[in-house]
Amino acid sequence: MFNLEFFPDLRFGLLNGWIFFLFYIIVFVIAMSTCPKEVKARLFDRKGWGRSTIIITAIGKLFGLINIVTILLSSLKIGTIEFVIGAILYSIGLTGIVVAIINYRDAPLDKPITNGLYKISRNPQLVTVWFIFTGIILVIGSWLNLIFLGISILCSHFSILGEEKCLTEQYGESYLEYKKRVPRYFIFF
């Protein structure tokens with residue numbers, strides 16, 4: 001199906017994955033700069049997380065960091081079908097993360113976020129980041145990076161479970177109703 005290498009060709013170069021990653025970081029920082037302090041604090045609030053959630057999240061972030069380092073040093077596979085599909089997924093994810101941040105920013109602080117992309121996913125920021133990284137990994141053509149992403153996604157699932165517990169405690173019945181209507185990630189799961 002895909003003509004990916006198991007391990008990417010690591011070397012410094014102008015046409016490497018860093019181009020896509022840097023553009024993502026710039027877009028993310030610009031989008032986040034439109035958010036007031038209270039919104040940023042809400043986004044990065046980890047109060048109420050248990051020890052196991054923190055440890056599993058740290059493991060996922062470690063695999064994410066390894067993924068980023070290899071992405072930065074991996075050559076782009078320009079001219080391949082993987083590159084085209086990856087660029088499309090990346091673009092969808094990049095657009096989605098901006099929309100999700102704006103939806104998050106514009107939501108009332110005292111209620112669960114249910115507007116915009118949050119009507120179709122309880123975690124659209126996370127889902128769009130998965131799109132972004134899947135896209136970047138396809139443009140560099142690496143199975144190993146897809147495996148690392150899979151491990152990061154699995155670990156982030158446990159982070160989400162911890163977050164949902166905190167949100168249920170914080171918002172009560174309104175969050176439970178929201179959970180019934182909207183899938184955790186996308187479409188049916």
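We did not get these values from a lab; they are worked out from the coordinates using the rules stated. Quick caveat: nothing in here was measured; it's all calculated off a predicted structure. We place every Cβ from the backbone using ideal geometry, glycine too, and count neighbours over all the protein chains shown.
Note: relative contact order over the stretch 1-102, using C-alpha pairs below 8 Å and six or more positions apart, is 58 percent.
Remark: relative contact order (the chain) = 34 percent; criterion is Cα-Cα distance under 8 angstrom and separation of 6 or more residues. Does the chain come out rounded, prolate or oblate, given a ≥ b ≥ c as the square roots of the eigenvalues of its C-alpha gyration tensor, rounded meaning a/c under 1.5 and, failing that, prolate meaning a/b above b/c? It is prolate, given that a/c is not under 1.5 and a/b is the larger ratio. Counted residue by residue at 0.36 nm each, then reduced by the alpha carbon distance between them, the extension gain from K111 to D45 reaches 22.3 nm. I need the shape label for the stretch 81-167. Rule: rounded when a/c is under 1.5, else prolate if a/b > b/c, else oblate, with a, b, c from the alpha carbon gyration tensor. The shape class here is oblate. Full extension of the chain between S52 and T168 yields a length gain of 39.9 nm, computed as 0.36 nm times the residue separation minus the alpha carbon distance.
When the chymotrypsin sites (Phe, Trp or Tyr not before Pro) in the stretch 36-142 are filtered for DSSP coil states and for at most 11 other beta-carbon atoms within 10 Å of their beta-carbon, the remaining sites are F44. With 32 Å as the limit, the listed pairs K77/K179; K47/K77; K77/K180; K37/K179; K77/K119; K61/K165 have K77/K179; K47/K77; K77/K180; K77/K119 beyond it between alpha carbons. Legend: helices of the chain (whole DSSP H runs) are marked when their alpha-carbon atoms reach 20 angstrom or more along the helix axis and their mean Kyte-Doolittle hydropathy is at least 1.6; marked are 18-33, 51-72, 124-140.
Loop-located GluC sites (Glu not before Pro) in the stretch 85-189 (DSSP state not H, G, I, E or B) with no more than 10 neighbouring Cβ atoms inside 10 Å do not occur.
Please label the shape of the stretch 1-48 as rounded, prolate or oblate, based on the square roots a ≥ b ≥ c of the eigenvalues of the alpha-carbon gyration tensor (a/c under 1.5 means rounded; beyond that, a/b larger than b/c means prolate, else oblate). Taking the square roots of the gyration eigenvalues as a ≥ b ≥ c, the stretch 1-48 is prolate.
In this structure, N3 and R184 have a Cβ-Cβ separation that, at R0 = 41 Å, corresponds to a calculated FRET efficiency of about 0.80.
Between I147 and F23, the modelled labels are 2.9 nm apart [label points 7 Å from Cα along Cα→Cβ].
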